[in-house]
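J.: Input: one structure, supplied below.
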Amino acid sequence: MTEIGDTLFESNEKFSVAFTDPDNAGPEPDNRGEITITDDDSTPIPTVNNPAVLEGNSGLTDLVFDVTLPYSTTLRIGRQVLDAGGNRLISTREAANLRLAFDMVHGETKLGTTSVTAFYGRPVFNERAAFDDRRNPAEKFMGAWLLRPLGAAKNAPVVNVFFLSRDRVRATYQEGAASDHRRTIGARINATSPQWDYAAQAAYQYGSFGADTIRAYGFAGDVGWHPQVRFTPRIGMSFGYASADRRRDESLGTFDVIYPNLGYFTDAPVYYPGNTADLQPNIAVNVNRSWRLRTGCDVVMRISKNDAVYGPPGAPLIAGSGAGPSFVAALSYARAEWTAEPHVSVTLSFVHGSTGSLIRDAGGKDFNYGALTASYRF
């Protein structure tokens, strides 16, 4: 018998073994034995890091500290960004140049290859001046997810099953403005290999919007092929679907992407995923170890003519009248990324938006968008 060791602090384990009908041996009055596996792991002790912060001359100063609990458990309390493991419904909001932060209690436990995360908090309300942001009293956010690879292989798919709960005192859709209490359940799967990579996610939402019932759903995905040729290109296809409110009744069908990347479609943060379906072919090439180029075109359609076209931060931009075209815009883009060294990167991007008659009749027009960003990672 082979005993498998571990580093988990636990009580001694006991089990019994019984021998029956042995060959070439007579019966034994006592054919049962007890085996004990004695635990040799030390008692786990919670630890706290040693944070430091300047007290300042007035007002309150935030201090974030980590409490590391036994069995690879981390508890983080304070102002922080939320890393959702690739979940499209929660983003750090880089495209707006104003990162999304929370005043939050965040706990994560790792049990072997399984990771379990739970959190509760409120988003930070951005004020005009520096260092005066405060938590938003009109909104709270909580949730949990379980992350686990499907198998022991190096490139095994990783599954993320999640539950999210968001409560807002006031939210605005085509249907009107009211309190929004929305629950989201969903799953995500992703994998990478030398030839392919893919990620797919689907979610269902329920809850209440004022006196109405919420019933909405959405899904998104990205697939990439890596042909083994010069410049190691990635030929990809991205898609997304966020359900719409198709008729005026006692239910709301508009899918809420919660805290999305405002550059969800391209680097230009001009449309908000909601009552939308999009399809984006794209290609990326690695010119060398430092330079990467990407280009593509995202075609954005509205799902229902009775629901609005939404713009950041999720407010109706063009009301749905029940008529007109479904085409919203085609966003063609080019992006160059230069990694000067592991900590420093520079990105140059350009987007051209070709709008349809739906946008033009509402007073909009074609547009060009450019951005130059520099990042330093500690």
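J.: Quick one: net charge of Leu164's neighbours, Cβ under 9 Å, K/R +1, D/E -1?
T.: Combined, the nearby Lys, Arg, Asp and Glu give +3.
J.: Per the Cauchy relation, a quarter of the hull surface: what is the mean projected area of the convex hull of the alpha carbons in the range 187-338, in nm²?
T.: Mean shadow area of the hull around the Cα atoms is 9.8 nm².
J.: Give me the compactness ratio for the range 144-218, meaning the Cα radius of gyration over 2.2 N^0.38 Å.
T.: 1.49
J.: Next up: In 10 Å bins starting at zero, report the fraction of Cα pairs in the range 265-378 per bin as a rounded %.
T.: P(r) for the range 265-378, in whole percents per bin: 13, 39, 27, 15, 6, 0.
J.: For a Förster distance of 22 Å, can you work out the FRET efficiency between the beta-carbons of Val159 and Ala118, rounded to the nearest 0.05? Walk me through the numbers before you get to the answer.
T.: On the way: r = 17 Å, r/R0 = 0.79.
It comes to 0.80.
J.: So how do 355-362, 205-212, 222-229 stack up, highest first, on mean other-Cβ count within 10 Å?
T.: 205-212, 355-362, 222-229
J.: Further, regarding this structure: Could you pull the Rg and Dmax for the range 258-322, using just the Cα atoms, both in Å?
T.: Just the Cα atoms of the range 258-322 yield Rg and Dmax of 15.0, 51 Å.
J.: Going by how many other beta carbons lie within 10 Å of each one, how would you line up Lys365, Lys140, fewest first?
T.: Numbers: Lys365 8, Lys140 17.
So the residues, fewest neighbours to most, are Lys365, Lys140.
J.: Additional query: Whole percent per 5 Å bin, from 0 to the bin with the longest distance: what is P(r) over all C-alpha pairs of the range 168-267?
T.: 3, 11, 18, 18, 15, 12, 8, 6, 5, 3, 2, 0
J.: Given a Förster distance of 51 angstrom, what is the FRET efficiency for Arg246 paired with Asn50, based on the Cβ-Cβ distance and rounded to 0.05?
T.: It comes to 0.35.
J.: Let me ask something else about it. Around Tyr271, with a cut-off of 13 angstrom between Cβ atoms, what is the net charge of the other residues, counting Lys and Arg +1 and Asp and Glu -1?
T.: -2
J.: As an exercise, identify the GluC sites (Glu not before Pro) in the range 107-174 lying in DSSP coil whose Cβ has no more than 12 other Cβ atoms within 10 Å. Don't skip to the end; give the middle numbers.
T.: Working: sites: Glu108, Glu127, Glu139; in loops: Glu127.
Those satisfying the criteria are Glu127.
Only the coordinates and a few stated rules stand behind these numbers; no lab work does. Treat the numbers as computed from the prediction; the structure is a model and nothing was measured. No Cβ is skipped: glycine too gets one built from the backbone with ideal geometry, and neighbour counts run over all protein chains shown.
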